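A short write-up of the structure that comes next.
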Amino acid sequence: MKKQLIIAILFLTFLPVSVNAQNARSRTYCNPINIDYTYMIYNSDKDISYRSGADPAVVEFRGEYYMFVTRSMGYWHSTDLQNWNFIYPEKWYFQGSNAPAAHNYKDSVLYVMGDPSGSMSVLYTDDPKRGNWKATPSIIHDLQDPALFIDDDDSAYVYWGSSNVYPIRGQRLDKNHRFIRYGEIDSLFNKDLSKHGWERFGENHSDGSQGYIEGPWMTKHNGKYYLQYGAPGTEFNVYADGVYVSDHPMGPFNYAPNNPISYKPGGFMNGAGHGSTVIGPQNRYWHFASMALSVNVNWERRLCMFPLYFDNDGLMWTDTYFGDYPRFAPAEPGKNGEFAGWMLLSYKKPVTVSSSVENHTADALTDENVKSYWLAKDNGDKQWATIDLQKPGKVYAVQINYFDHKSGLYGKIPGLRHRYIVEGSLDGKSWKILIDKSSSFKDTPNDYAELPQPERVRYIRYKNIEVPTPHLAISDIRVFGVGEGEKPVKVKNFKVERKTDRRDAMITWTSQKNAQGYNIRWGISPDKLYSSWLVYDDNELLLKALTVDQEYYFAVEAFNENGISPLTELMHVK
């Protein structure tokens, strides 16, 4: 097949059209968020084609939600934080916004910043669905990763920073005088690699010589100012958000003892950094952040969202427990985004396929590794993949994560769509349609479909009909539900050895034959086990994310397709 090359022509003025980007509302969702990610133009000079979504700035405006994402040629709108429609604004940045900022000013006007040049005006509109953005007649220079915050007394502030050298900075703005800067630029805080293990660079914080600090976002809660920031690098599994807290928008700021507060280092797709915090449905906080795919280029990313809390001591924390498994949706009454309890039925289960190319074979479809993928010989409707779950189980949902293999697509392209059918069977002979997307007009690169009611099956078959790319490539087909076998028992011989370098701890335990993996949980007190790390097929973890002068409590649980074991007794590590 000849290489398909489609280049979206980018205009500043568009017709105000919205494109539906996700399934009709279900009770649950699953990270990465399933939206119609834009094909990047950032590396188009090298003919590298990939989708990406990163650095989300999510704000509520007049009871609805808007999500601004790096280089997306527009932005998204939602009424429930779950189903998102893409907006082609009348006026926008030619190259898309970069690490954008957004702020709702008293429901009267929506402000945005994010010029890729680093020199920018504050944009504003009272009609973001139309997107008739106007610019204040002034320019603020030398900003990267800006954050705009207007306090209750109308005082305005800008925060910025994206560097492995320079700190997060802040400055007052005069909102009533074209957002002109005044007052001194303050250096608010910087990374501290010698004390904060999680700020170290590399996969699993393996490079202690450097680290980036970037992406500030301000949240005011109960009179306190929570200035969030991302570290150590967007391409790594350990990309996370931390927070400093103050009684004033310009500090002095104090490092939160439970940092990082948004951290998802283990599982199918990892990272939870450079985010934003918004009050969503049911008056609950949610945190949106970036996840690393990083195969075609380091900047190939997806988005995630997690419920966020403030505990009785005022500590901000994000619930990333089983963070890429199904969770209840923001609008689901009384659930607030908690883990649904549906396990992964498909992990490392045998797969047969219609065809495969080179080393992109069938086993990639169930390996829980987003960086590997199955590649079929063509993208036609004769391609299929069948997963043998080996035992019957009750299936609740399926997630299909498509991959960009030499896609040749660039920019925001209307009319893309994914069409397929998922069937289930108990015997591999008689099949029932579980998910029917044969007539879908939606672009769903990380499609997640919750079944209307759970189905007891042993076999799952994906049948391709149409994809928007010249190649059919899928990184994983993830089948969620509840198995009919035994859960693992409580983990034995759990040990935590804090190293001489107090940023590190070696965690070990005895393997269980029937366990898929283990979930390490830790926190700064017995009632604050806010952090977790999914580990598959191993019985040890070198955790390099600790703060030097902080004591911790640890526990571990085992899991498989049937459920989760009891948590071990807490281990106090000084």
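The values are calculated or read from the model by the stated rules, or taken from the named source; none is laboratory data. For clarity, every value in this text was computed on a predicted model and none was experimentally measured. All Cβ positions, glycine included, derive from the backbone under ideal geometry; neighbour counts span all protein chains shown. Surface areas here come from the heavy atoms of the whole protein model, side chains and all, with no ligands, DNA or RNA. Shrake-Rupley method; radii C 1.70, N 1.55, O 1.52, S 1.80 Å.
When the charge dipole of the chain is built from unit charges on Cβ atoms (+1 for Lys and Arg, -1 for Asp and Glu) and taken about the Cα centre, the candidate among Phe149, Tyr530, Ala376 whose Cα reaches farthest toward its positive end is Ala376. Between Lys134 and Arg456, the distance separating the two model label sites (each 7 Å from Cα on the Cα→Cβ line) works out to 6.5 nm. Take every Cα pair under 8 Å whose residues are at least 6 apart in sequence, average their separation, divide by the length of the chain, and the relative contact order is 13 percent.
Applying 1/(1 + (r/R0)^6) with R0 = 35 Å to the Cβ-Cβ distance of Ile279 and Asn176 gives a FRET efficiency near 0.85.
Please give the charge dipole size of the chain, origin at the Cα centre, charges +1 on K and R Cβ atoms and -1 on D and E Cβ atoms. Round to the nearest 20 debye.
So the magnitude is around 1120 debye.
For region 275-349, the extents of the C-alpha atoms along the principal axes are 41, 30, 23 Å, listed from largest to smallest.
As a quick test, which of the pairs Lys391/Lys487; Lys349/Lys371; Lys264/Lys391; Lys106/Lys224 have an alpha carbon distance above 21 angstrom in this structure? Over 21 Å apart, Cα to Cα: Lys264/Lys391.
Once the piece of chain linking Arg502 and Asp154 is laid out straight, how much longer is it, given 0.36 nm per residue of separation minus the C-alpha distance between them?
Result: 120.9 nm gained on full extension.
The Stokes-Einstein estimate for region 248-380, based on a Kirkwood radius over Cα pairs and taken at 37 °C with 0.692 mPa s viscosity, is a diffusion coefficient of 189 µm²/s.
Rolling a 1.4 Å probe over the heavy atoms of the protein chains gives the chain an accessible area of 38 Å² per residue. Here the relative contact order of region 218-260, from alpha carbon pairs under 8 Å that lie six or more residues apart, stands at 31 percent.
Here the gap between Asp313 and Ser439, fully extended at 0.36 nm per residue and compared with their Cα-Cα distance, gives a gain of 40.3 nm. Rounded to the nearest 20 debye, the dipole size of region 189-285 about its Cα centre is 340 debye, using +1 on the Cβ of Lys and Arg and -1 on the Cβ of Asp and Glu. Of the solvent-accessible surface of the chain, computed with a 1.4 Å probe over protein heavy atoms with every protein chain present, carbon and sulfur atoms account for 48 percent. What residue among Pro470, Pro454, Thr510 has its Cα farthest toward the positive end of the dipole of region 453-515, where the charges are +1 on Lys, Arg and -1 on Asp, Glu, each on the Cβ? Toward the positive end, the furthest listed residue is Thr510.
Could you compute the net charge surrounding Ile413? Neighbours are other residues with a C-beta less than 10 Å from the C-beta of Ile413; K and R count +1, D and E count -1. Around Ile413, the surrounding residues sum to -1.
Packing, as the average of other Cβ atoms within 10 Å across residues, places the peptides 39-51, 176-188 in the order 39-51, 176-188, highest first.
Using C-alpha pairs below 8 Å separated by at least 6 residues, the relative contact order for region 347-446 is 22 percent. Protection proxy ranking of 290-298, 415-423, by the mean of other Cβ atoms within 10 Å over each peptide's residues and highest first, is 290-298, 415-423. Placing unit charges on each Cβ (+1 for Lys and Arg, -1 for Asp and Glu) gives the chain a dipole about its Cα centre, and among Tyr105, Asn562, Gly233 the Cα reaching farthest toward its positive end belongs to Asn562. Put simply, region 339-481 fits an ellipsoid with semi-axes of 24, 17, 14 Å; these come from the alpha carbon gyration tensor as the roots of five times its eigenvalues, largest first. Under a 5 Å amide H cut-off, with hydrogens placed 1.01 Å from N, Leu303 pairs with Ile33, Met291 among residues at least 5 apart or on other chains.
Viscosity 1.306 mPa s, temperature 10 °C: give me the Stokes-Einstein translational D for region 121-188 in µm²/s, with Rh taken as the Kirkwood radius over C-alpha pairs. Roughly 121 µm²/s, to the nearest whole number.
A simple packing score, the average count of other Cβ atoms within 10 Å per residue, orders the peptides 433-443, 208-218 as 208-218, 433-443, with the highest score first. Taking the Cα centre of region 57-129 as origin and assigning +1 to Lys and Arg Cβ atoms and -1 to Asp and Glu Cβ atoms, the resulting dipole is close to 160 debye.
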